[in-house]
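Read the structure below first, then the notes.
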Amino acid sequence: MQIGIVIALPTEWGYFKRAFDVHHEHRLGGRRHYTGRFAQVPIAVVLSGVGMQNAKDAVRFLCETHQISALLSIGYAGALDTELKRGDIIRER
């Protein structure tokens, strides 16, 4: 089982990639796709591009090509709320 991560922008991926042990880098369906480990946990990352439809497509791709046990979306969207601070975790209610 892997954790699937959807990241919209290459700049957002750049911050995360520093701590990510990349094993494979692919270009699939026009998107960059990485597999590897983060703190010994198997991870699959897709750079989705901006927008809801791109995020949906990236999630579908991860679920169809990997055995995903959890799914994360990492990005700057929290910057739109001035009460949020760097590192805050947002989840659906």
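The values are calculated or read from the model by the stated rules, or taken from the named source; none is laboratory data. No experiment lies behind these values; they were computed from the predicted model shown. Here the Cβ positions follow ideal geometry from the backbone for every residue, glycine too, while neighbour counts run over all protein chains shown. Each accessible area value is taken on the protein alone, full model and side chains, heavy atoms only, with ligands, DNA and RNA left out. Shrake-Rupley method; radii C 1.70, N 1.55, O 1.52, S 1.80 Å.
Segment residue 54..residue 85, full-extension length gain: 8.6 nm, with 0.36 nm per residue of separation and the alpha-carbon distance subtracted. Between the amide H of residue 72 and those of 4, 5, 6, distances stay under 5 Å, these residues lying 5 or more places away or on another chain, with hydrogens modeled in the peptide plane.
Within the listed set 46, 59, 22, the residue fluctuating most in the Gaussian network model of the chain (springs between alpha-carbon atoms under 10 angstrom) is 22. Short-range pairs are left out: with C-alpha atoms under 8 Å and at least six residues apart, the relative contact order of region 1-92 is 38 percent. Computed from backbone phi with θ = phi - 60° and the Karplus coefficients 6.51, -1.76 and 1.60, the 3J(HN,Hα) list for region 63-73 is 5, 7, 10, 9, 8, 8, 9, 8, 10, 10, 10 Hz; x is used for glycine and proline.
Subtracting the Cα-Cα distance of residue 26 and residue 63 from their residue separation scaled by 0.36 nm leaves 11.7 nm.
Of the options [x] 13.7; [y] 15.6; [z] 12.8, only one is Kirkwood radius over Cα pairs in Å as computed from these coordinates, and that is [x]. As a fraction of the 1.4 Å probe accessible area of the chain, surface on carbon and sulfur atoms comes out at 54 percent.
Accessible surface ranking for 12, 25, 1.4 angstrom probe, highest first: 25, 12. The modelled label-to-label distance for the pair residue 41/residue 18, using points 7 Å beyond Cα in the direction of Cβ, is 1.9 nm. Each other residue within a Cβ distance under 15 Å of residue 2 adds +1 if Lys or Arg and -1 if Asp or Glu, for a net charge of -1.
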